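First the structure, then my questions, so here it is.
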Ligand SMILES: Cc1cc2nc3c(=O)[nH]c(=O)nc-3n(C[C@H](O)[C@H](O)[C@H](O)COP(=O)(O)OP(=O)(O)OC[C@H]3O[C@@H](n4cnc5c(N)ncnc54)[C@H](O)[C@@H]3O)c2cc1C
């Protein structure tokens, strides 16, 4: 008797069962479906600069997300086979063992991820097994764009105008109710943080976000529960979007429901605009590829850096530049793995323009630290601020003090993250160098970097 056709669904950054074409299609096409997640140690390694590809907070969020997916699949009669190793070695082994007919996955966009898909494809091919690629990480389907990828405008406003006029967003796929698992799937447990190489004590701060589809959907719906949230201007959905615990299309269609609502309409349309930026950077990555990881970006514009850039970079990373708002953002990033768009723009701009440090170092640092790290969104935004990516004309110098005061008009944010300055009242905390000598003494800033900055500036004036 012929064994039933089994399709392996390779989960990567699509850790959900709602609006997940590969899972649904596998269920429709095969008698049996084997969902697999592979923890790839290359994802957790230390880089040449001593940072890690994935910081502990994102690793934790990922573990939570995979655990949640496993539970959800189990509730639907299936399971998630969790393995550790290189996918190009592990997946063919599983394919042989479970007599897999085909493997489905969502196509990624950045080089490291697509390179791994190619290795997997080649290894499977030797077993005469096809790796089928699906497109599922963007709000607009690539094939519905009004231009081929190579002709996508490098200026966002032009892209937006044409896409909104000529393209439509597809509906979501149905959520499967039952996963027909092959017989005798082996039991598999998730690795712990220490299995992935993190010290037990590496993450003892309370987490801001809990990973997983369940938490992501809950957060999405809670955005619209309390009327006072109508004033909210950002969604904080990015960690779940980055790992695909939430489908971007699902978020779009939920926002669309509220677009004419007097309380939430403004917020919903702002989120849709931001989702378009997310799409845009992904398409740009498809267009310009690896150039986004180079100092000269895709414009090829040469850059010059400060001679002491190593030292400056160290101060920036640890939040000891002497610029209160910048230090607050960096310390928040280090402590939580998450900062606002305003904060990210300010610290990136400061590193590039004020400290003249190589922007790719900053982008790599964000890659380690951010819970919501996503290659195209991170490197795309960094390259734009460095003036070597998109929207070169919009690469205006930002007025840091103005941004800081808009974001934190009473100074509470800076006081929270930079306790050395906690005694300075109100917005004065943003510019301690404007304090008089008596005030400096009264506020007891002495012996801090801020004291040094103040005296330097006082001597200079
Ligand atoms: C230097 C720098 C690095 C960044 N790195 C990342 C990153 O690694 N991952 C990431 O998701 N975002 C990144 N961003 C974009 C942005 O800061 C975050 O997406 C946003 O702050 C997340 O908060 P939110 O979910 O409340 O966003 P909202 O304002 O509610 O937006 C909704 C969603 O749209 C997407 N989005 C919003 N702004 C952008 C943007 N400028 N570019 C691309 N997508 C956007 C996110 O998925 C976000 O969740 C970066 C921005 C800068 C300036």
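Only residues in region 147-165 that are over 19 Å from residue 377 (Cα atoms) count as the first member; pair them with residues that are part of a loop (DSSP other than H, G, I, E, B), Cβ under 6 angstrom, at least 6 apart or cross-chain, and list the lot.
Close Cβ pairs satisfying both conditions: 162/146.
Please determine, by comparing only the residues of region 234-269 that are over 13 Å from the mean Cα position of the chain (by Cα) and within 7 Å of the ligand (Cβ to nearest atom), which one is farthest from residue 174 (Cα to Cα).
Taking the candidates together, the pick is 234.
Can I ask one more? With the checklist (1) closer than 16 Å to residue 326 by Cβ; (2) at pLDDT 95 or above; (3) within 15 Å of the ligand (Cβ to nearest atom) in hand, flag the one item residue 356 doesn't pass.
(3)
Quick one: which helices (runs of 4 or more DSSP H) sit completely within region 366-458 and have at least 1 residues that are under 17 Å from residue 297 (Cα atoms) and either within 16 Å of the ligand (Cβ to nearest atom) or in the same structural domain as residue 244 (by TED's automatic domain parsing) (or both)?
375-385
Sticking with this one: I need the full set of residues from region 176-202 which are surrounded by 14 or more Cβ atoms within 10 Å (Cβ to Cβ) and either within 19 Å of residue 90 (Cβ to Cβ) or in the same structural domain as residue 83 (by TED's automatic domain parsing) (or both), in order please.
Passing the criteria: 181, 182, 185, 188, 190, 191, 195, 196, 197.
Continuing with the same structure: Which condition number does residue 331 fail, the rest of (1) more than 15 Å from the ligand (Cβ to nearest atom); (2) within 27 Å of residue 425 (Cα to Cα); (3) outside any helix (DSSP H, G or I) being met?
It is condition (3) that residue 331 fails.
Here's a follow-up. Do we find that residue 304 is modelled with pLDDT under 95, away from the ligand (no atom under 12 Å from the Cβ), outside the structural domain of residue 373 (by TED's automatic domain parsing) and within 19 Å of residue 380 (Cα to Cα) in this structure?
no
Since residue 60 meets every condition but one in (1) farther than 24 Å from residue 211 by Cα; (2) in a helix (DSSP H, G or I), which condition does it not meet?
The single condition residue 60 does not satisfy is (1).
Let me ask another. With 128, 178 as the choices, which residue is assigned to a loop (DSSP other than H, G, I, E, B) and farther than 25 Å from residue 247 by Cα? Reasoning before the result, please.
Working: 178 fails: farther than 25 Å from residue 247 by Cα.
Of 128, 178, the one residue that is assigned to a loop (DSSP other than H, G, I, E, B) and farther than 25 Å from residue 247 by Cα is 128.
If you check residue 220 against the conditions, is it more than 30 Å from residue 88 (Cα to Cα) and in contact (Cβ under 8 Å) with a residue 24 or more places away in the chain? Walk me through it before giving the result.
On the way: more than 30 Å from residue 88 (Cα to Cα): yes; in contact (Cβ under 8 Å) with a residue 24 or more places away in the chain: yes.
Yes, satisfied.
Inside region 83-104, can you point out the residues that are within 17 Å of residue 42 (Cβ to Cβ) and in contact (Cβ under 8 Å) with a residue 60 or more places away in the chain?
83, 84, 87, 91
Looking only at region 44-54, decide whether some residue is modelled with pLDDT under 95, assigned to a helix (DSSP H, G or I) and in contact with a strand residue (DSSP E or B) (Cβ under 7 Å, 6 or more places away or on another chain).
yes
Just give me the residues in region 131-143 being farther than 13 Å from residue 249 by Cα and exposed (fewer than 14 other Cβ atoms within 10 Å of the Cβ), in sequence order.
143
Matching residues to (1) within 17 Å of the chain's Cα centre (by Cα); (2) under 23 Å from residue 453 (Cα atoms):
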| position | (1), (2) |
| --- | --- |
| 335 | yes, no |
| 346 | no, yes |
| 354 | no, yes |
| 388 | no, no |
| 405 | no, yes |
| 415 | no, yes |
| 418 | no, yes |
| 422 | no, yes |
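The values are calculated or read from the model by the stated rules, or taken from the named source; none is laboratory data. All of these numbers come straight from a predicted model, not from anything done at the bench. Neighbour counts are summed over all protein chains in view; Cβ atoms, including those assigned to glycine, are modelled from backbone coordinates with ideal geometry.
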